[in-house]
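Participant: Here's a structure for you.
The values are calculated or read from the model by the stated rules, or taken from the named source; none is laboratory data. This structure is a prediction, so every number in the text was calculated from the model and none was measured. Cβ sites come from the backbone with ideal geometry, for glycine too, and all protein chains shown count toward neighbours.
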Amino acid sequence: MKAIVCVPGGVEVADVKDPVPAAGEVVVAVEACGLCGSDVHAIELGFTADGQILGHEFAGRVVEVGASVGTGWIGEAVAVDPIGSCGSCRACTRGVPFGCRAVPNLGITAPGAYAQYVAVPERQLVRLPGELAVEQGAHAEPLAVALHAVDLARVGPGDSVLVYGVGPIGLNAIMALRLAGVDRIVGAGRSAGRRAAAAAVGADAVVDTRETSIADIGARFTAVLECSGAPGAFVEALDVLEPGGSYVEVAITAETAPVPLLRLVVDGVTIVGSCAFDAPTYARAVEHIGAGRVPVASLVSERVGLEATPEALVRLRTPGDLVRVLTRPWDQ
């Protein structure tokens, strides 16, 4: 099969062996996989292993099953939860299955979906409604990330939330906040195209952070979802939280930020990190997409085949107006 494999300095298209399903696994023919920012940065910074196949936001059809898996799966359209979980270790029982060391995560510690085929544990499959385009299932992973972050923010009707950073995760967070019934959502970001997308998917106001600091918005927020990873974002965002507010760090960042401990105590502010999601949250994301409650398809800027995927991963380092790019491994 064709796949995008990591090599020193980047990625390339290569011929690799087709996956063979082990007991309890199936093989999925990948119809679409999102090019995730975490993959873009891992490749750019050289945090990948030679021969590694990335890609964890995907959907497709089951084409082969391993031992102990029913043949009823053959031909089924599925979204795939990439997070492996044993269900019994400390990380899994504490609700952070991404930290499970017993089961690999697809596209991270196991081969992923920047490929024509991928082997998947049966328990990580979620059937898609028959009338739904299979490609839509590739949006479930970033929506699940956003749903989990919104759950941690503890917000709903009557609340006001700032989404700092309006890349794909920030945009999904805006949609998730709308599902939660939040009264006012403000998006803040640098890209004009992504700010326009934020308004289109439900932000009540959008701020250009190149021109306006969030301190100048003139509002206090019930919660801030930090989805940018921008230097200084933590300090900026903490300053606009109302007493009892929640700061949720969603972006991956290496920044070490100062924490005003007196503010935490006096104002009762909560700071929490949001890492991935659990299986019920992923299933909830698929349900929302299948029911048409979130305009996820409107976020797609481009669809590319495997041959154009390496170049797209480079362009996404400075995305400009690009919002979301899907690789479709069978397209020419």
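Participant: Mind telling me which of the residues 194, 184 ends up being of a type outside the set (A, V, I, L, M, F, W, C) and crowded, with 21+ Cβ neighbours inside 10 Å?
Facilitator: Selected residue: 194, the only one of 194, 184 that is of a type outside the set (A, V, I, L, M, F, W, C) and crowded, with 21+ Cβ neighbours inside 10 Å.
Participant: Okay, next question. Looking at region 146-164, which of its residues are surrounded by fewer than 24 Cβ atoms within 10 Å (Cβ to Cβ) and not in a helix (DSSP H, G or I)?
Facilitator: If the condition is that a residue be surrounded by fewer than 24 Cβ atoms within 10 Å (Cβ to Cβ) and not in a helix (DSSP H, G or I), then 154, 156, 157, 158, 159, 160 are the ones that fit.
Participant: Name the residue that is farthest from residue 326 (Cα to Cα), counting only residues in region 260-274 that are surrounded by fewer than 16 Cβ atoms within 10 Å (Cβ to Cβ) and not β-branched (Val, Ile, Thr).
Facilitator: 262
Participant: Could you please find all residues in region 194-211 being in a loop (DSSP other than H, G, I, E, B), in contact with a Gly (Cβ under 8 Å, 6 or more places away or on another chain) and either of a type in the set (D, E, K, R) or modelled with pLDDT under 95 (or both)?
Facilitator: Selection gives 209 alone.
Participant: Name the single residue, out of those in region 30-88 being of a type in the set (Ser, Thr, Tyr) and under 18 Å from the mean Cα position of the chain (by Cα), that is farthest from residue 98 (Cα to Cα).
Facilitator: 38
Participant: If a residue counts only when it is closer than 22 Å to residue 285 by Cβ and out of contact with any helix residue (DSSP H, G or I) (no Cβ under 7 Å at 6 or more places or on another chain), which strands (runs of 3 or more DSSP E) contained entirely in region 15-119 have at least 3 such residues?
Facilitator: Where strands (runs of 3 or more DSSP E) fall fully within region 15-119 and carry at least 3 residues being closer than 22 Å to residue 285 by Cβ and out of contact with any helix residue (DSSP H, G or I) (no Cβ under 7 Å at 6 or more places or on another chain), they are 25-34.
Participant: Next up: Taking interchain pairs and intrachain pairs at least six residues apart, which have beta carbon atoms under 7 angstrom, with the first residue in region 295-307 and among the hydroxyl-bearing types (Ser, Thr, Tyr) and the second surrounded by fewer than 16 Cβ atoms within 10 Å (Cβ to Cβ)?
Facilitator: The qualifying pairs are 298/200.
Participant: Scanning for something surrounded by 24 or more Cβ atoms within 10 Å (Cβ to Cβ), in contact with a Cys (Cβ under 7 Å, 6 or more places away or on another chain), touching a residue at least 12 places away in the same chain (Cβ under 8 Å) and not assigned by TED's automatic domain parsing to the domain that holds residue 30, does region 171-181 turn up at least one residue?
Facilitator: Checked region 171-181: at least one residue is surrounded by 24 or more Cβ atoms within 10 Å (Cβ to Cβ), in contact with a Cys (Cβ under 7 Å, 6 or more places away or on another chain), touching a residue at least 12 places away in the same chain (Cβ under 8 Å) and not assigned by TED's automatic domain parsing to the domain that holds residue 30.
Participant: In contact with a Gly (Cβ under 9 Å, 6 or more places away or on another chain) and under 27 Å from residue 53 (Cα atoms): which single residue out of 163, 134, 145 fits that description?
Facilitator: 134
Participant: From the list 235, 266, 206, which residue is outside the structural domain of residue 320 (by TED's automatic domain parsing), touching a residue at least 40 places away in the same chain (Cβ under 8 Å) and more than 20 Å from residue 98 (Cβ to Cβ)?
Facilitator: When all the criteria are applied, what remains is 206.
Participant: Output the residue which, of all residues in region 314-329 that are modelled with pLDDT of 95 or more and more than 16 Å from the chain's Cα centre (by Cα), is surrounded by the most Cβ atoms within 10 Å (Cβ to Cβ).
Facilitator: Across region 314-329, the extreme among qualifying residues is 329.
Yes or no, residue by residue, for (1) farther than 21 Å from residue 127 by Cα; (2) surrounded by fewer than 19 Cβ atoms within 10 Å (Cβ to Cβ):
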{"site": "9", "(1), (2)": "yes, yes"}
{"site": "12", "(1), (2)": "yes, yes"}
{"site": "18", "(1), (2)": "yes, yes"}
{"site": "22", "(1), (2)": "no, yes"}
{"site": "26", "(1), (2)": "no, no"}
{"site": "38", "(1), (2)": "yes, yes"}
{"site": "47", "(1), (2)": "yes, yes"}
{"site": "91", "(1), (2)": "yes, yes"}
{"site": "105", "(1), (2)": "no, no"}
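Participant: Here's another thing I want to ask about it. Counting only residues that are among the hydrophobic types (A, V, I, L, M, F, W, C) and surrounded by fewer than 16 Cβ atoms within 10 Å (Cβ to Cβ), how many does region 200-230 have?
Facilitator: The number of residues fulfilling the criteria is 5.
Participant: Next question. Out of curiosity, is residue 143 closer than 26 Å to residue 78 by Cβ and outside any loop (DSSP other than H, G, I, E, B)?
Facilitator: Against the criterion (closer than 26 Å to residue 78 by Cβ and outside any loop (DSSP other than H, G, I, E, B)), residue 143 qualifies.
Participant: Output the number of residues of region 1-14 satisfying the condition of being part of a loop (DSSP other than H, G, I, E, B) and closer than 21 Å to residue 138 by Cβ.
Facilitator: 1
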